[in-house]
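The values are calculated or read from the model by the stated rules, or taken from the named source; none is laboratory data. In this text the structure is predicted, and so the values were computed from the model without any measurement. Note that each Cβ is placed from the backbone with ideal geometry, even for glycine, and that neighbours are counted across all protein chains shown.
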């Protein structure tokens, strides 16, 4: 579905992230993404951070010129939306550990919303560089999730990486699913920690996407195209992909180490 809609709400979530809400009545599921553009500019892939009802949303992190221009739009400005695309989280699990690093919380929050609506127990390990960059901590708490935090600088929660919190929680709890999104190096460590306890992991992978149709090869990840085979992958499909957590592709398609 392709639409031009007008922004109905703009929220500065952290110093580097902005949420844009807009009317969009296409059906969407947690984990899916849209291609978003502003008139005269490039399309960017954006995970949906709000999927329910007719008011959808994306949460945009300042990464480059185009994302900063998208962040600058005001309420009432037009934006273009194409989608939704991609795979989704299976929300049938009953005791879920969510591990979010940085802006990865954006795609995990609507999945947690859906799981909580189905009365699942949700525990969230949330990581950021500093407390000011923690994304959606209050949103997770408001839906009734247990939230534990790690920051690189120790300004909130544990000092260090969120993988340490995730490993501790996995050791103490009986989870039947782990959902994670963030840097691929982080997700690979989460997969390893969960494998010791035989807990299945779903990873929401973020890569450069240009067409969202599996044709341009920009989002190639081993044998997969993230835009059509993902972005939500069962970890079992990723662990033997040499690039996962080790290499990404720049906008030109060049393979670059993380």
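Structure values in brief
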read-out: Number of positions in the range 58-72 that are surrounded by fewer than 20 Cβ atoms within 10 Å (Cβ to Cβ) and either within 13 Å of residue 9 (Cα to Cα) or outside the structural domain of residue 20 (by TED's automatic domain parsing) (or both); value: 2
read-out: Only listed residue being modelled with pLDDT under 95 and crowded, with 18+ Cβ neighbours inside 10 Å, chosen from 83, 102; value: 102
read-out: Top-ranked residue in the range 42-52 [being part of a loop (DSSP other than H, G, I, E, B) and touching a helix residue (DSSP H, G or I) at 6+ places or on another chain (Cβ under 6 Å); ranked as farthest from residue 8 (Cα to Cα)]; value: 42
read-out: The lone exception for residue 96 - which of (1) under 25 Å from residue 251 (Cβ atoms); (2) crowded, with 20+ Cβ neighbours inside 10 Å it fails; value: (1)
read-out: Residue within the range 97-118 that is out of contact with any strand residue (DSSP E or B) (no Cβ under 7 Å at 6 or more places or on another chain), in a loop (DSSP other than H, G, I, E, B) and in the same structural domain as residue 166 (by TED's automatic domain parsing) present; value: yes
read-out: Output for the range 53-83, where each listed residue is part of a strand (DSSP E or B), in contact (Cβ under 8 Å) with a residue 60 or more places away in the chain and either within 20 Å of the chain's Cα centre (by Cα) or over 24 Å from residue 181 (Cβ atoms) (or both); value: 59, 78, 80, 81, 82, 83
read-out: Some residue of the range 140-153 being in contact with a strand residue (DSSP E or B) (Cβ under 6 Å, 6 or more places away or on another chain) and under 21 Å from residue 60 (Cβ atoms); value: yes
